[in-house]
1. Given the conditions (1) under 24 Å from Y316 (Cβ atoms); (2) modelled with pLDDT of 85 or more, and given that T338 satisfies all but one, which numbered condition is not satisfied?
2. How many of the residues making up the range 242-291 are surrounded by 16 or more Cβ atoms within 10 Å (Cβ to Cβ), of a type in the set (D, E) and in a loop (DSSP other than H, G, I, E, B)?
3. So T118 fits all but one of (1) touching a residue at least 60 places away in the same chain (Cβ under 8 Å); (2) assigned to a helix (DSSP H, G or I); (3) of a type outside the set (A, V, I, L, M, F, W, C); what number is the exception?
4. Within the bounds of the range 305-328, is there any residue that is within 30 Å of N273 (Cβ to Cβ), of a type in the set (S, T, Y), assigned to a helix (DSSP H, G or I) and modelled with pLDDT under 90?
5. Out of all the residues in the range 16-28, which are modelled with pLDDT of 75 or more and not β-branched (V, I, T)?
6. Would a scan of the range 419-442 turn up a residue that is under 18 Å from T386 (Cα atoms) and of a type in the set (D, E, K, R)?
7. Show me the helices (runs of 4 or more DSSP H) entirely contained within the range 33-104 in which 3 or more residues are surrounded by fewer than 24 Cβ atoms within 10 Å (Cβ to Cβ) and of a type outside the set (G, A, S).
8. Can you confirm whether F216 is within 24 Å of T33 (Cβ to Cβ), modelled with pLDDT under 85, of a type outside the set (S, T, N, Q) and surrounded by 12 or more Cβ atoms within 10 Å (Cβ to Cβ)?
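The values are calculated or read from the model by the stated rules, or taken from the named source; none is laboratory data. These numbers come from a predicted model, not from an experiment. Heads up, the Cβs are rebuilt from the backbone with ideal geometry, glycines too, and the neighbour counts pull from every protein chain shown.
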Amino acid sequence: MAKSDFKENQDGTYRSLSNRHVQMIAIGGTIGTGLFLGSGSTISKTGPSVLIVYLVLGLFFFLMMRGIGEMFYSDPSHHTFVSFITKYLGNAAGRFTGWTYWIGLVFVCMAELTAVATYVKFWFPNFPSWIVELIFLVVLAGVNLIAARFFGEAEFWFALIKIIAIVALIVTGIFMVLRQTSTPLGHASLTNISHNYQLFPHGAFNFISSFPMVFFAFQGIEFVSITIGEAKDPRNVIKKAVNETLLRILLFYVGALIVIMAIIPWTSVTPDNSPFVQVFELAGLPAAAAVINFVVLTSAASALNSAIFSAGRHFYQLATEAREGGVLKKHFAKISKTGVPATSILLTAALVLVTPIMSLSAATGSVFTIVTGVSSDMYILVYALTMLAHRKYRKSSDYLENGFKMPWYNVSSPLTIAFFLVIFISLFFIQEDIIGAVGAIIWAVVFGGYVVLTQKKLDQTHASSN
C-alpha cells in the first residue's frame with residue numbers, strides 16, 4: 001500500500017497499523033521470554049501457588065491497562081502514555097518519566113540483543129556474538145525506519161510463533177492428561193497439581209519474592225498503548241486490546257502453567273530447566289530444546305523490535321516537548337517522509353551498538369546487569385506515576401463520562417497504586433534486588449531533583465520574558 005492510503009496525523013506520522021497488527025502486538029507484549037525460560041524458577045519457588053501470583057498480578061496489570069486505555073480513548077492522538085503524565089502532572093514529572101522510561105528502553109534493547117546472540121549460539125557456538133548482534137540490530141532498526149506498518153507486520157509474525165508454541169503446549173498437555181500418559185515422572189493428571197499442595201511449600205518468603213519475578217515477566221505489557229497513535233481505528237482498537245489483556249494472561253500464562261504442572265509434578269520442576277522443553281521431551285519430541293530455543297530467539301527479537309519502536313516514539317516525544325531552539329527540538333522533533341521518527345530511532349540504535357562491548361570483560365557485564373536492574377525497577381515508579389496522571393485526568397475537563405472507563409475506579413485506582421508501591425518495597429527484602437531498588441531511589445532523588453530545579457528555572461525565564 002502507498003502511504004497515501006493511510007490517514008496522516010498532524011505531526012506527519014501515519015495511521016497504518018491495522019487491528020490485526022495491534023491485537024497481535026498486544027498478545028506479543030503479554031508473552032515474554034520469562035514464560036518459556038523463567039516459569040521453572042517461579043514454580044519451583046511456590047509450587048501450584050504460582051497460579052495465585054499470576055492471577056493477582058494479572059488483575060492489577062489489567063486495571064493499569066484500563067487506566068491507560070481510558071486516557072488514550074479520550075485523546076488517541078498521543079504517541080506515548082508518558083505524554084499524559086506531562087499533561088496532567090506537569091512538565092517536570094513528564095520530563096523525569098520520559099527520560100527514565102527511554103533510558104530503560106535502551107537497556108532493554110541491549111539486554112534483548114545480548115539474549116539474541118546467546119540463543120543463536122545454540123546452533124552456532126563458535127560464531128562471534130558481536131556479528132550476530134550487529135546483524136539483528138541493523139535488520140530490526142531498518143524495519144522500524146521503513147514504516148510503522150512494516151514494524152507491525154514483523155511483530156505479527158513474531159507474536160504468532162509464540163502463540164503457536166503455547167497453544168501446542170496446551171493441546172499436547174490436554175491430550176496427555178486425557179490419556180493419562182505415563183512418563184518417567186509419573187502419570188499426566190490434574191491431580192499432580194493438588195497432590196501434597198501447600199500454600200507456601202518453601203516458606204512465605206519464597207512466595208512473596210515470586211511477586212517481583214512475575215511482575216518483571218509482565219513488564220512491557222503497556223507497550224500496545226504506544227501503537228495507538230499510529231493505529232487506523234484507535235478507539236475500537238484500544239478497547240479490544242485492553243479488554244482482552246486479562247483473558248490473554250489467563251490463557252497463555254495460567255493455562256500453560258496448569259498444563260505444565262499436570263504433566264510434571266510441581267515437586268519435580270527445577271529452576272534451571274525450561275518446563276516447556278521438559279513437557280515436549282516427555283511428549284516424545286526429540287527436537288524440543290531446539291524448537292523452544294527458536295521460540296525464545298523470536299521472542300527476544302520481538303522484544304528488541306518493540307523496544308526500538310517504543311524508544312523512538314518516546315525520544316521523539318521528549319524532543320517535541322523540549323525548549324525552542326534546543327538541540328533536541330532541532331534534530332529529533334522530526335518525522336521522516338515514511339512517517340516515522342527516524343532520527344530518534346537512529347539515536348537509539350546507535351546507543352545500543354555499544355552492546356558488543358559488554359562481552360569484553362566480566363566487570364563491564366556486571367555493571368550492565370546492575371544498571372539494567374535499576375532501570376527495570378524504575379518502571380514500577382513510572383507505572384505509579386501513570387496511574388496518578390489517570391487520577392488527574394478523571395478530575396479534568398477531558399474526562400469522558402461515556403468513555404472507556406476504568407472499572408471500580410474509586411477502589412481499583414488507589415489499590416493499583418498501592419500495589420505497585422508494595423512491589424517496590426518488597427525488592428528491599430530480596431537480596432539480589434536490593435542494589436537495583438536502591439539505585440532506583442538514587443536516580444529518582446538525584447535526577448528527579450535536577451529535573452524539578454531546571455524546570456523551575458525554565459518557568460521563571462519564560463515568565464520574565466512575558
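1. Failing condition for T338: (2).
2. 1
3. Among (1) touching a residue at least 60 places away in the same chain (Cβ under 8 Å); (2) assigned to a helix (DSSP H, G or I); (3) of a type outside the set (A, V, I, L, M, F, W, C), the lone unmet condition for T118 is (1).
4. Yes, the range 305-328 contains at least one residue that is within 30 Å of N273 (Cβ to Cβ), of a type in the set (S, T, Y), assigned to a helix (DSSP H, G or I) and modelled with pLDDT under 90.
5. Correct list: S16, L17, S18, N19, R20, H21, Q23, M24, A26.
6. no
7. Working: elements: 39-46, 50-74, 82-89.
Counting at least 3 such residues, we get 50-74, 82-89.
8. Details: within 24 Å of T33 (Cβ to Cβ): yes; modelled with pLDDT under 85: yes; of a type outside the set (S, T, N, Q): yes; surrounded by 12 or more Cβ atoms within 10 Å (Cβ to Cβ): yes.
Against the criterion (within 24 Å of T33 (Cβ to Cβ), modelled with pLDDT under 85, of a type outside the set (S, T, N, Q) and surrounded by 12 or more Cβ atoms within 10 Å (Cβ to Cβ)), F216 qualifies.
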